[in-house]
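A short write-up of the structure that comes next.
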Amino acid sequence: MRADARKNYSHVLSVARDVIAEHGVNASMRDLARRAGVGLATLLRHFPTREALYEALLCTNLDALTQKATELETAGSPDEALVSWLHEWVEFAQSYKGVVTLMASAHTDPDSALYASCAAIHSASARLLLRAQGKGTARADMSGDDLFALMAALGWAVDQPSFAPRADHLFHIIASAILTSGSLEITSGTDSGLTS
């Protein structure tokens, strides 16, 4: 990539972060191009789809999230690791307004630019669930698909202004539904640190 193209690419990603913070993932690509000071054709040359833009924007965060799951696979008790992973996921979901909806769609669409990242998150989640199930601390009747669906639902809920104040409570309910009775005392209220 030429130096000027690399500069445009970095600038568009920087502007995209701001636009998403203000308007969420459904922000207009035309408006984003205008704010970045580039033509729509230039934007689409770098990012042919909205998903490609978000994949580039989120790549570092998703890689870090997947790495965190890998670390949790060998650290602490399986139930605590699973709860920590859910905390990490919710914090990520709260950082990028609307991204969970995109990821929920992309995880079954191999043509989506977000597919590989979603598959990595899904796989990491499934491994943590299996580890907890192996120790008898998570429901045996759940699959990795079930966990990913619950994570997406929780991420969507805490992204909604009407539900955001109840993020801690919703987290507690979801975590309690995943873990077997009495396997872990889940923090509720402001101690879980989910409210922003």
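The values are calculated or read from the model by the stated rules, or taken from the named source; none is laboratory data. Computed from a prediction, not measured in an experiment: that's the story for all the values here. We place every Cβ from the backbone using ideal geometry, glycine too, and count neighbours over all the protein chains shown.
Summary of computed values
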| item | result |
| --- | --- |
| Yes/no for residue 136 being among the small types (Gly, Ala, Ser), surrounded by fewer than 19 Cβ atoms within 10 Å (Cβ to Cβ), modelled with pLDDT of 90 or more and assigned by TED's automatic domain parsing to the domain that holds residue 175 | yes |
| Hey, residue 18 crowded, with 19+ Cβ neighbours inside 10 Å and outside any loop (DSSP other than H, G, I, E, B) or not | no |
| Exclusive hit being part of a helix (DSSP H, G or I), without any contact (Cβ under 8 Å) to a residue 60 or more places away in the chain, more than 11 Å from the chain's Cα centre (by Cα) and surrounded by 14 or more Cβ atoms within 10 Å (Cβ to Cβ), set 52, 56 | 56 |
| Residue match in the stretch 23-34 (condition: under 18 Å from the mean Cα position of the chain (by Cα), outside the structural domain of residue 168 (by TED's automatic domain parsing), in a helix (DSSP H, G or I) and closer than 26 Å to residue 156 by Cβ) | yes |
| Unmet criterion (only one of (1) surrounded by 14 or more Cβ atoms within 10 Å (Cβ to Cβ); (2) acidic (Asp, Glu); (3) not in a helix (DSSP H, G or I)) for residue 146 | (3) |
| Some residue of the stretch 102-111 being at pLDDT below 85 and touching a Ser or Thr at 6+ places or on another chain (Cβ under 6 Å) | yes |
| Residue check, residue 146 over 21 Å from residue 64 (Cα atoms), modelled with pLDDT of 90 or more and among the charged types (D, E, K, R) | yes |
| So residue 152, is it under 15 Å from the mean Cα position of the chain (by Cα) and either outside the structural domain of residue 174 (by TED's automatic domain parsing) or buried (at least 18 other Cβ atoms within 10 Å of the Cβ) (or both) | yes |
| Number of the condition not met by residue 41 [criteria: (1) modelled with pLDDT under 85; (2) surrounded by fewer than 17 Cβ atoms within 10 Å (Cβ to Cβ); (3) in a helix (DSSP H, G or I); (4) not hydroxyl-bearing (Ser, Thr, Tyr)] | (1) |
| Among (1) touching a residue at least 40 places away in the same chain (Cβ under 8 Å); (2) of a type outside the set (Val, Ile, Thr); (3) not assigned by TED's automatic domain parsing to the domain that holds residue 161, the one test that residue 11 misses | (1) |
